[in-house]
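Enquirer: Sharing a structure below in structure tokens format, with a few things to ask.
The values are calculated or read from the model by the stated rules, or taken from the named source; none is laboratory data. Only a predicted model underlies this, so the values are computations on that prediction, with no experimental measurement involved. Methodologically, a virtual Cβ is constructed for each residue, glycine included, from the backbone with ideal geometry; neighbour enumeration extends over all protein chains shown. Remember, those area values only see protein heavy atoms, side chains included, never the ligands or the DNA or RNA. Shrake-Rupley method; radii C 1.70, N 1.55, O 1.52, S 1.80 Å.
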Amino acid sequence: MAIDHISSLFAKLQALSTSDHGSVVSMNIFVALLCACIVIGHLLEENRWMNESITALVIGICTGILILMLSGGRSSHILVFSEDLFFIYLLPPIIFNAGFQVKKKQFFVNFITIMMFGAIGTLISCAIITYGVAKTFKKIGIRSLEIADYLAIGAIFSATDSVCTLQVWNCMIQVLNQDETPLLYSLVFGEGVVNDATSVVLFNAIQSFDINQINPSIGLHFFGNFLYLFTTSTLLGVFTGLLSAYIIKKLYIGRHSTNREFALMMLMAYLSYMMAELCYLSGILTVFFCGITMSHYTWHNVSESSRITTKHAFATLSFVAETFIFLYVGMDALDIDKWRFASDRPATSLAVSSVLLGLVLAGRAAFVFLLSFISNITRKSSKEGISFRQQVIIWWAGLMRGAVSMALAYNQFTLLGHTAKRANAIMITSTITVVLVSTVVRPFVYYFYFPPKITSDHYG
């Protein structure tokens with residue numbers, strides 16, 4: 001009787017889903033789930049098998065199952081995925097906080113290696129994944145994809161999830177801690193952010209060119225456009241950060257109001273991201289370097305109370321955005337419309353997911369060990385080099401695929417969140433599978449290879 005009552009209530013909510021009231025109800029439920037993620041994540045803080053991202057993912061999946069049951073198999077989520085929601089509202093605070101909190105000395109000491117891993121490594125990984133899917137997909141029954149789709153898949157699955165990567169590793173015996181293992185932390189963290197930016201720039205560049213007419217001049221133009229986006233986006237972020245420092249220092253805003261200082265920093269950081277997107281640049285790179293510049297210049301020009309406020313406020317905004325993303329990914333993993341197409345050919349869907357996971361492994365291995373070897377040759381002392389064990393850690397650390405891959409996959413293979421082609425539906429479900437497997441399984445693999453008694457001293 002109680003179940004029938006709940007089902008009838010949920011049916012009413014479904015009927016109201018297009019109204020303002022329905023949206024308010026959905027948001028209330030989602031905010032309540034966010035609170036549950038925070039509370040449960042806190043209770044599981046000491047559990048080395050779980051972290052906050054995995055907790056949000058699991059809660060999202062459980063909620064999706066419940067909604068699926070109550071709706072009679074019609075829907076698994078209470079909010080419709082929106083690319084704009086992700087790229088405009090959720091991603092900027094995460095990336096900005098990443099730049100704001102990073103240890104700048106270690107980041108710039110290893111800047112060349114980070115750029116090699118994040119930019120050149122992403123291009124190598126993209127090439128391997130593109131070549132792999134082009135050769136194997138037709139053999140397993142995916143024949144409707146074009147060259148542009150293969151290149152887009154390469155860019156999509158070259159994008160790591162840097163923030164969730166560091167959450168997992170910091171929860172696991174603090175192996176990647178900024179103070180204890182600065183080299184590992186800066187390489188994994190810096191490579192992850194630059195990798196995400198490179199993947200998005202690469203994806204946008206692929207979509208803007210006519211791939212069917214490839215020739216040397218197109219290739220040269222493509223590389224030039226990529227270099228232009230990379231350089232211009234970085235300079236825009238640095239300029240915005242310096243401008244905020246100049247304004248706060250010259251106008252003495254701190255004498256009047258801490259709120260004004262914090263508001264100006266937050267709004268100018270967001271402005272840098274939106275200006276980059278408006279100019280068709282990389283908002284990720286722009287807001288990341290804006291965060292680095294603000295933490296080095298602007299932060300030292302504000303009052304003491306503003307320093308405390310900005311540090312915790314930016315971290316909190318980033319934390320809530322991360323939790324929101326993984327909660328939704330968990331719920332969307334059970335989207336019945338996408339799985340209905342894929343379920344007609346479960347063997348094909350499983351084969352596609354397996355091929356993509358294998359290519360992600362191969363793509364990272366191809367550049368991590370090669371570029372680490374090149375980096376070690378250029379270092380003055382062998383003690384400063386990247387050991388083989390550290391290379392393995394860097395390889396595993398970048399295997400996680402997350403919200404950036406999801407958003408790019410939706411952009412390429414759906415229209416307003418919906419799929420009409422079987423091949424596209426299989427690509428979406430395979431992306432979800434790769435994200436879930438790489439997020440949930442990797443801590444277990446790490447635990448197997450690196451027992452909990454090992455500390456940072458063992459890594460030199």
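Enquirer: With each pseudo-label sitting 7 Å past Cα toward Cβ, what's the Asn225-Tyr131 distance in nm, one decimal?
Expert: 2.4
Enquirer: For Ile120, Ile284, what's the largest-to-smallest order of accessible area, 1.4 Å probe?
Expert: Values: Ile120 80, Ile284 5 Å².
Largest to smallest exposure gives the sequence Ile120, Ile284.
Enquirer: Still on this structure: Sequence-distant or interchain residues sharing an amide H contact under 5 Å with Ser387, placed H: which?
Expert: Under 5 Å from the amide H of Ser387 lies no amide H from a residue far enough along the sequence or on another chain.
Enquirer: Something else about it: Determine, from the Cβ-Cβ distance of Ser217 and His296 and an R0 of 35 Å, the FRET efficiency 1/(1 + (r/R0)^6), rounded to the nearest 0.05. Show your work: numbers first, answer last.
Expert: Values: r = 41 Å, r/R0 = 1.16.
Efficiency for this residue pair is about 0.30.
Enquirer: Take the residue pairs Lys105/Lys250; Lys135/Lys380; Lys250/Lys380; Lys105/Lys249; Lys103/Lys249; Lys311/Lys380 and return only those whose Cα atoms are more than 31 Å apart. Mind showing how you got there, number by number?
Expert: Numbers: Lys105/Lys250 27 Å; Lys135/Lys380 42 Å; Lys250/Lys380 42 Å; Lys105/Lys249 24 Å; Lys103/Lys249 23 Å; Lys311/Lys380 36 Å.
As for pairs spanning more than 31 Å Cα to Cα, those are Lys135/Lys380; Lys250/Lys380; Lys311/Lys380.
Enquirer: Go ahead and run the numbers for FRET between Met27 and Leu271, Cβ-Cβ distance against an R0 of 30 Å, rounding to 0.05. Can you show the working numbers first?
Expert: On the way: r = 26 Å, r/R0 = 0.87.
Calculated transfer efficiency: 0.70.
Enquirer: Roughly how many Å² is the accessible area per residue of segment 53-151, as a whole number, for a 1.4 Å probe?
Expert: Working: 4320 Å² over 99 residues.
Per residue, segment 53-151 has an accessible area of 44 Å².
Enquirer: Give a residue-ordered list of calculated ³J(HN,Hα) values for segment 126-138 (Karplus: 6.51 cos²θ - 1.76 cosθ + 1.60, θ = phi - 60°; whole Hz; x for Gly, Pro).
Expert: After applying 6.51 cos²θ - 1.76 cosθ + 1.60, I find 4, 5, 5, 5, 4, 4, x, 5, 5, 7, 9, 4, 5 Hz.
Enquirer: Oh, and also: Near Ala197, within a Cβ-to-Cβ distance under 13 Å, what is the net charge of the other residues, with Lys and Arg +1 and Asp and Glu -1?
Expert: Values: positive: none; negative: Glu191, Asp196, Glu277.
Once positives and negatives cancel, what remains is -3.
Enquirer: If you stretched the chain out fully between Cys62 and Ser257, how much longer would it get, using 0.36 nm times the residue separation minus the C-alpha to C-alpha distance? Walk me through the intermediate numbers first.
Expert: Numbers: separation 195, 0.36 × 195 = 70.20 nm, distance 4.48 nm.
Value of the extension gain: 65.7 nm.
Enquirer: Order Ile129, Ile29, Ile112 by their accessible area, 1.4 angstrom probe, all chains in place, largest first. Each step should come with its number before you reach the end.
Expert: Working: Ile129 0, Ile29 65, Ile112 125 Å².
Most to least solvent-accessible, the answer reads Ile112, Ile29, Ile129.
Enquirer: In Å and from the alpha-carbon atoms only, list the Rg and Dmax of segment 362-403.
Expert: Computed over the Cα atoms of segment 362-403, radius of gyration and Dmax are 11.5, 38 Å.
Enquirer: Still on this structure: Need one value: the accessible area of His296 in square angstrom, 1.4 angstrom probe, rounded to the nearest 10.
Expert: Near enough 90 Å² of accessible area.
Enquirer: Just the accessible area for Ile325, please: 1.4 Å probe, Å², rounded to the nearest 10?
Expert: 10
Enquirer: On a 1.4 Å probe surface of the protein chains, which of Tyr89, Tyr297 comes out largest in accessible area, and what is the full order? Numbers along the way, then the final one.
Expert: Working: Tyr89 140, Tyr297 110 Å².
Correct descending sequence by accessible area is Tyr89, Tyr297.
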